[in-house]
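The values are calculated or read from the model by the stated rules, or taken from the named source; none is laboratory data. As the structure is a prediction and not an experimental result, all values here were calculated from the model. Here the Cβ positions follow ideal geometry from the backbone for every residue, glycine too, while neighbour counts run over all protein chains shown. Areas reflect the complete protein model, heavy atoms only, side chains present, ligands, DNA and RNA absent. Shrake-Rupley method; radii C 1.70, N 1.55, O 1.52, S 1.80 Å.
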Amino acid sequence: MARPEEATESRENAEFRRQVRAWIQANQPAHPGFKLPQTFLEVESERQFDFLREWQRKVYDAGYLGLDWPAEYGGHSDPHKRQRIVSQELNRAGAPFLVNVIGLQWAGPTILAYGSEEQKRKYLKNILSCEDVWCQGFSEPGAGSDLAGLQASATREGEGWVVTGHKVWTTLAHFAKWMILLARTDPTAHKYAGISYFLFPMDAPGVTVQPLVKMTGEGGFNQVIFDRAPMPADALLGQLGQGWQIAMTTLTFERGAAEGTGGGSATSTAESVRAVAALAKRMRRDGSPAAADPVIRDRLAQLWIEEEALRLTAQRARVAGLNMDDRPLATRLMNKLVFSELGQRLTELACEVLGPDAVLWLGDPSAPDKAEWPRAYLNSFGVTIGGGTSEVQRNIIGERVLGLPKTK
């Protein structure tokens, strides 16, 4: 059944959607037979990474990545801005996510906004083709969600820079060739003014990547230690001391508050709501399907309503005149907060539907759906923390949308 956005889209976009859907159906890879990560936060082995990178290359070679990016940087200069349609169809098909998430969604659009001509030509095409994978060096052990409290430093030495410090929760650092790095370049300046933004080469000497194990027992996160690690002068993105402003641009993309990314995993949970409903029909309580329980039915209906509201809000944000003129990002700023918490409640309900079977773990042959639901529930906490915790998101909405006093 066609969705509302499809009923109103142009003939050209509808035809494009049909082409994308047909291509995915013909080219989506079969399950490789080993455990795949649920999100880019859990990519830990070489074979997982290689499988996902090959899939991204295939999507790019088909012409379905970087549609909105200029052709001279490996994109397609698509006047219809149809990257969103590709993401919707990949998500709907349950296709593997595109592993270079940080490059496609955060680093790439930020380089497009602030990079020099040389930087755009050097980095962007390889992000789309997955030749170069990126990680993000924002979080630090002593700063937490206080991004402006970071202490890693970059100091001038000769023609280049030397980096010293410690980053943590660095997803994909063990596979990344480049890092978007925030470092303090003026310790005497105000904490927001003394930060600069760099495009750091991960193969530089003095860089140590140490894996972190999550509560699921999986890897994917790392800590990165810089011991006087050198980087060239052209690693600086934008102007010296402009790092905070550029970081806010990156976070706007990371939080789903802006379009213009190179593509990547979609954010809709519609298929997951359907999957939990299907699970509730299979699992039994007192001899009847769990879906017959009026409490379960009520909670499923509530989650479905919330998911539809999230989807329609995203659609509304793209329509000129339906947003507050003085606060153009007001609608989009809610996206990350609502999406991440909805996903957590959804997987929590799935575990309740499973009942005692929710304690069965990966590798247990009796675990329903191979224990993917309890795995997803535990992994959902990383999504509500990454890119700014839910508490940070509420502060942002309070200050920037509702006009409440700023926190001190």
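Between the helical axis of 83-92 and the longest alpha-carbon principal axis of the chain there is an angle of about 40 degrees.
Heavy-atom accessible area for residue 31, with the other protein chains in place and a 1.4 Å probe, reaches approximately 130 Å².
The 1.4 Å probe gives accessible areas that order 117, 218, largest first, as 117, 218. With a Förster radius of 25 Å applied to the C-beta separation of residue 6 and residue 322, the computed FRET efficiency comes to 0.85. Centre-to-centre separation between the Cα atoms of the range 59-77 and those of the range 349-403: 33 Å. With R₀ set to 51 Å, the beta-carbon distance separating residue 71 from residue 395 gives a calculated FRET efficiency near 0.80. Oblate is the label for the range 208-259. Its Cα gyration tensor axes, ordered a ≥ b ≥ c, give a/c of at least 1.5 and b/c at or above a/b.
Secondary-structure-derived ellipticity at 222 nm for the chain, considering helices only, amounts to -12000 deg cm²/dmol, per-run term -39500 (n - 2.57) for DSSP H runs with n ≥ 4. Under the simplified labelling scheme, the residue 369-residue 54 pair shows an inter-label distance of 2.7 nm, with each label point 7 Å from Cα along Cα→Cβ. Between residue 315 and residue 113, the modelled label-to-label distance comes to 2.7 nm, taking each label 7 Å out from Cα in the direction of the beta carbon.
Cross-link reach is defined here as a Cα-Cα straight distance under 20 Å, omitting same-chain residues fewer than 8 places apart; for residue 191 the aspartates and glutamates meeting it are 140, 146, 399. Ordered from largest to smallest accessible area (heavy atoms of protein chains, 1.4 Å probe), the residues 72, 159, 308 come out as 159, 72, 308. Which entries of 177/214; 281/336; 35/214; 214/336 have Cα-Cα distances beyond 25 Å here? Distance filter (> 25 Å) returns 281/336. Entry note, the range 198-253: relative contact order of 34 percent, from Cα contacts under 8 Å with a spacing of 6+ residues.
Against the chain, whose longest principal axis is taken from its Cα atoms, helix 117-129 shows a tilt of about 30°.
Each Cα pair under 8 Å and six or more residues apart adds its sequence gap; the mean of these over the residue count of the chain is a relative contact order of 14 percent. If only the Cβ of Lys and Arg carry +1 and only the Cβ of Asp and Glu carry -1, the dipole of the chain around its Cα centre is close to 560 debye. In a reduced charge model with +1 at each Lys and Arg Cβ and -1 at each Asp and Glu Cβ, the range 1-131 shows a dipole moment near 200 debye about its Cα centre. Taking the centroid of alpha carbons for each part, the range 294-322 and the range 107-126 are 35 Å apart. Computed from the C-beta positions of residue 305 and residue 228 and an R0 of 45 Å, the FRET efficiency is 0.25 to the nearest 0.05. Rounded, prolate or oblate for the range 114-256? Axes are the square roots of the Cα gyration tensor eigenvalues, ordered a ≥ b ≥ c, and the cut-off for rounded is a/c under 1.5. Here the range 114-256 falls in the rounded category. Seen against the Cα atoms of the chain and their longest principal axis, helix 372-385 is set at about 40 degrees. One decimal place: the segment residue 297-residue 31 gains 92.6 nm when fully extended, by the rule 0.36 nm per residue minus the C-alpha distance. The mean sequence distance of close C-alpha pairs (under 8 Å, at least 6 residues apart), as a share of the length of the range 1-106, puts its relative contact order at 29 percent. Distance between the modelled labels on residue 281 and residue 45, one decimal in nanometres: 3.3 nm (7 Å Cα→Cβ projection). Full extension of the chain segment joining residue 131 with residue 18 gains 37.8 nm, where the gain is 0.36 nm per residue of separation less the Cα-Cα distance.
Classify the range 48-182: rounded, prolate or oblate, from the alpha-carbon gyration tensor (a ≥ b ≥ c, eigenvalue square roots; a/c under 1.5 rounded; otherwise prolate if a/b is larger than b/c)? Prolate, because a/c is 1.5 or more and a/b exceeds b/c. In this view, the solvent-accessible surface of residue 6, computed with a 1.4 Å probe and all protein chains in place, comes to about 30 Å².
The listed peptides 191-201, 283-293, 38-48, 15-25, ordered by packing as a protection proxy, come out as 191-201, 38-48, 15-25, 283-293 (highest mean of other Cβ atoms within 10 Å first).
Between residue 148 and residue 359, full extension at 0.36 nm per residue minus the direct alpha carbon distance yields a gain of 72.0 nm.
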